[in-house]
1. So which trypsin sites (Lys or Arg not before Pro) in the stretch 358-431 end up in coil per DSSP with only 13 or fewer other C-beta atoms within 10 Å?
2. Which residues' amide hydrogens lie under 5 Å from the amide hydrogen of N252, considering only partners 5 or more residues apart or on another chain, with H built in the peptide plane?
3. Which ³J(HN,Hα) values in Hz, rounded to whole numbers, follow from the phi angles of the stretch 162-173 under the Karplus curve 6.51 cos²θ - 1.76 cosθ + 1.60, where θ = phi - 60° and Gly and Pro get x?
4. Compute the distance from the alpha-carbon center of the stretch 157-175 to that of the stretch 437-488, in whole Å.
5. Please list the non-local residues whose amide H lies under 5 Å from the amide H of G145, H modeled 1.01 Å from N, same-chain partners needing a gap of 5 or more.
6. Using heavy-atom solvent-accessible surface (probe 1.4 Å) with all chains present, what is the largest-first order of C281, C389?
7. So how far apart, in nm, are the two label points at D459 and S67 if each is 7 Å from Cα heading toward Cβ?
8. Once both axes come from the Cα atoms, what is the angle between helix 227-239 and the longest principal axis of the chain, in degrees from 0 to 90, rounded to 10?
Amino acid sequence: MKTVHHWIDGKAVEGTSGRHGEVTDPATGAVTRHVAFASAAEVDAAVAAAKAAYATWGTSSLATRTSVLFAYRALLDAHREELARLITAEHGKVHADALGEVARGLEIVELACGITTQLKGELSTQVASRVDVAAIRQPLGVVAGITPFNFPAMVPMWMFPLAIACGNTFVLKPSEKDPSAALRLAELAAEAGLPDGVLNVVHGDKEAVDRLLEHPDVAAVSFVGSTPIARHIHATASANGKRVQALGGAKNHMLVLPDADLDAAADAAVSAAYGSAGERCMAISAVVAVGAVGDELVAKIRERAEKIKIGPGDDPASEMGPLITRAHRDKVAAYVRGAAAQGAEVVLDGTGFTVEGYEDGHWIGLSLLDKVPVDSDAYRDEIFGPVLCVLRAETYEEGVALINASPWGNGTAVFTRDGGAARRFQLEVEAGMVGVNVPIPVPVGYHSFGGWKDSLFGDHHIYGNDGVHFYTRGKVVTTRWPDPADGGVDLGFPSHR
């Protein structure tokens, strides 16, 4: 059986730890390959390669870096279909979702191609007699990224292209559940001309992560994953003197006001809650219906949800695929099965769903829970599956208070025809990303992605201007030069004395 190996110093490197994980096809449940788990020594080798490469890459010209990135962007574009197939084979999401993931990752590569503008710096002349002050930004050195299973190509591309454009070198630890896309990204970067050691990939589990968090030569760590792990990453890496951006989980709410277009709101709720099987941190997992619209809205959501075609991700007819693992499928199902006992009305129960001919796949159908109590497990926890909770509020104020009481603050949305209400919502709601009649307000690449409260640990959001600032550090240089006319070597300037 094929083993997915590491990528260190510009080449594939077989694992030597003797440990490995299993990679499955979520549609069939079959183990399709193994993935090598790195030991601390193997992580050290990747960091050493990155440190050695930084000696030249960190001082390379912006023209050198951007020429590689432009070539990389062209290769990624040419290999979109291949990358999407790798994602579908190991994650399970449908091909259209996988292509969309690659496209969103490409946005950040394109941002990195324009790094010359982002790193221009600032200059003030004559702040005092013959004194100038310049502000510049310089790379950090070796930086690391730890990425989740739900976007095995996009989230790595949210990190390393911008980091290396800024002059850093990178060690990536992707999810061990679907590692092949990350490895292919590294191979294509080498093909584009990226020097050996600038981008390294090590696979593994807690041992590899912990070594990155404590390694003295790693200057910064980027992370995307669940809130408990994000909190651990931030605390541990910070204690070891590293800069950290750790993006955690979410419970994203969509507030539907009485004047909203309910057909548009229902369409948005279905796509945002059930797209990619709900395995995304920007999924809408809670709809708050205000006033008397709740019953009609739930009926419209149910009508649309019942028509969603679930099947293997490589089937063009499929609109939703399986979950990543059998254990995760069982965990998601447990929330639905326990919802009624905790006071929710189960409108749709997808826990018994299967696909003919793929009975061993990690299947679950769409579930819709109405009148969900705020103290129930289905509402309090991040389920990370195709389960939509509907809550009721009598007023706008009650709905916003409910949203703001959540410990998470990743993304949120409001559906309304009233511009004043929308403006008030965007100012009053406590979340880092807000959509107005847009259910999943993921910012474009030249803005930054990040939440509030338990959805983000650290001061910097990811990509955009925040990403550039995270992967660089500022330096202010104050200079005074004597005028040539003041004396010294005679350069032919007339004397002012």
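1. On the way: sites: K371, R380, R392, R417, R423, R424; in loops: K371, R417.
Answer by residue number: R417.
2. Distant-sequence amide H within range of N252: S285, A286.
3. Per-residue couplings from phi come out as 5, 4, 6, 4, 6, x, 7, 10, 9, 10, 9, 10 Hz.
4. Going from one Cα centre to the other spans 16 Å.
5. V171, L172, K173, S222
6. Result, largest first: C281, C389.
7. In this crude label model, D459 to S67 measures out at 3.6 nm.
8. 20 degrees
The values are calculated or read from the model by the stated rules, or taken from the named source; none is laboratory data. Note that the coordinates shown come from a computational prediction; the quantities given were computed from them, not determined experimentally. Using ideal geometry, Cβ is built from the backbone for each residue, glycine included, and neighbour counts are taken over all protein chains shown. For accessibility, only protein heavy atoms count, side chains too; no ligands or nucleic acids. Shrake-Rupley method; radii C 1.70, N 1.55, O 1.52, S 1.80 Å.
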